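Data first, discussion second: the structure below is written as structure tokens.
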Amino acid sequence: ITMNNYQKIIQNLKPGDIILSRVPGSPISETIMGVTRSKWSHALMYIGNNKIIESDWGGVVIHPVTKYANNKYELGLFRYNPELSETDIAKIIKLARKKLGIDYGWFKLLWLGFLHLIGKSEDPDWKVQLPKGMICSQLVSYAYLKAGFPLKNLPPELMEPTDLDESDYTIRIA
């Protein structure tokens with residue numbers, strides 16, 4: 001049984017918080033972690049009222065946070081530092097919600113994998129226009145960037161879950 005951390009996360013959760021996850025033993029999760037050399041394979045954002053927004057295989061959707069309340073997931077809770085005002089957080093959440101219904105970015109996921117293989121995953125010169133779609137970490141980093149709070153000096157299309165963990169602007173809460 002994996003340590004889920006869910007109860008500690010729920011006790012500390014605030015709107016705008018970033019949750020990173022992984023599913024040990026899952027071929028998809030393990031592949032993403034292997035290619036990106038990360039301990040995380042997925043990123044999502046808490047938007048309040050026990051709801052999260054994420055880009056999963058179904059595209060950009062809102063789910064109850066209880067989706068992650070089982071021992072299948074290992075979780076980490078991250079918060080922007082310095083702490084943001086309620087107005088700034090509301091703006092970030094609004095920007096993320098504007099992406100609801102956008103398809104999952106399959107081509108972006110494959111492109112990022114290719115960039116890793118050739119050692120160009122953090123080279124902005126390799127950012128290309130791909131079909132409409134969003135991957136998980138792109139959704140989170142896009143909302144923060146457009147609100148004026150970049151998480152890393154990379155375009156959202158090149159952001160990965162590990163970038164949200166290793167950002168100079170996030171701290172791990174749980």
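Derivation of every value follows stated rules applied to the coordinates shown; laboratory data play no part. This one's a predicted model, so the numbers in the text were calculated from it and none came from an experiment. Positions of Cβ are backbone-derived with ideal geometry, glycine not excepted, and every protein chain shown enters the neighbour counts.
Worth pointing out:
- The 3J(HN,Hα) values that the Karplus relation (6.51, -1.76, 1.60; θ = phi - 60°) gives for region 70-79 are, in residue order, 9, 6, 5, 9, 9, 10, x, 10, 10, 10 Hz. Gly and Pro appear as x.
- Ordering of 145-152, 59-66, 14-21 by packing is 14-21, 145-152, 59-66, highest average first (other Cβ atoms within 10 Å, averaged per residue).
- Across region 166-174, computed HN-Hα scalar couplings (Karplus, 6.51 cos²θ - 1.76 cosθ + 1.60, θ = phi - 60°) run 8, 4, 5, 10, 10, 10, 7, 9, 8 Hz from first to last residue, x flagging Gly and Pro.
- Neighbourhood net charge (13 Å Cβ-Cβ; Lys/Arg +1, Asp/Glu -1) for Val128: 0
- Net charge of neighbours whose Cβ lies under 11 Å from the Cβ of Lys94, counting Lys and Arg as +1 and Asp and Glu as -1: +4
- Sequence-distant aspartates and glutamates (8 or more away, or on other chains) whose Cα lies within less than 17 Å of Lys132: Glu54, Asp56, Asp103, Glu157
- Over region 31-97 - Rg/Rh using Cα atoms and the Kirkwood inverse-distance radius: 0.99
- Relative contact order (%) - criterion: Cα under 8 Å, at least six apart; region: the chain: 27 percent
- Cβ-based net charge around Ile52, under 11 Å, with every Lys or Arg adding one and every Asp or Glu removing one: -1
- Considering all different alpha carbon pairs of region 15-68, the Kirkwood hydrodynamic radius works out to 11.8 Å.
- With a threshold of 29 Å on the Cα-Cα distance, the over-threshold entries among Lys8/Lys108; Lys67/Lys99; Lys94/Lys120; Lys14/Lys120; Lys91/Lys127; Lys51/Lys127 are Lys8/Lys108; Lys94/Lys120; Lys14/Lys120; Lys51/Lys127.
- With the convex hull drawn over the C-alpha atoms of the chain, the volume per residue is 106 Å³.
- The value of relative contact order for region 53-138, using C-alpha pairs under 8 Å at least six residues apart, is 41 percent.
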